[in-house]
Amino acid sequence: MSERLVEIIREYPQGCTAIYLSQRVNRPISMINIYLKGLISTKQVRTRINKNTGKRLIYSRS
């Protein structure tokens, strides 16, 4: 699942939300957040808060 999430995140250089990822892979947001936590800790992805919307966006490291 982690690899699939990274693939999707790479498709969106402008960043995407955890909710969007949840919808794309048809899994609960709680599961996505668990995977994202691991991906962030291993520095495969990074996050940033969008100043306009206040939403957390996930970006690819590469």
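Per-structure values
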read-out	value
Qualifying positions in the range 37-62 - basic (Lys, Arg) and at positive phi	43
Per-region count, the range 40-62, residues hydroxyl-bearing (Ser, Thr, Tyr) and either over 12 Å from the mean Cα position of the chain (by Cα) or part of a helix (DSSP H, G or I) (or both)	4
Enumeration of residues in the range 5-39 that are in a helix (DSSP H, G or I), closer than 18 Å to residue 61 by Cβ and open to solvent by 90 Å² or more (accessible area, probe 1.4 Å)	7, 10, 37
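The values are calculated or read from the model by the stated rules, or taken from the named source; none is laboratory data. Given the structure is predicted, the values throughout are model-derived calculations rather than measurements. Positions of Cβ are backbone-derived with ideal geometry, glycine not excepted, and every protein chain shown enters the neighbour counts. The protein model used for the area step is the full one, side chains on, heavy atoms only, and it has no ligands, DNA or RNA in it. Shrake-Rupley method; radii C 1.70, N 1.55, O 1.52, S 1.80 Å.
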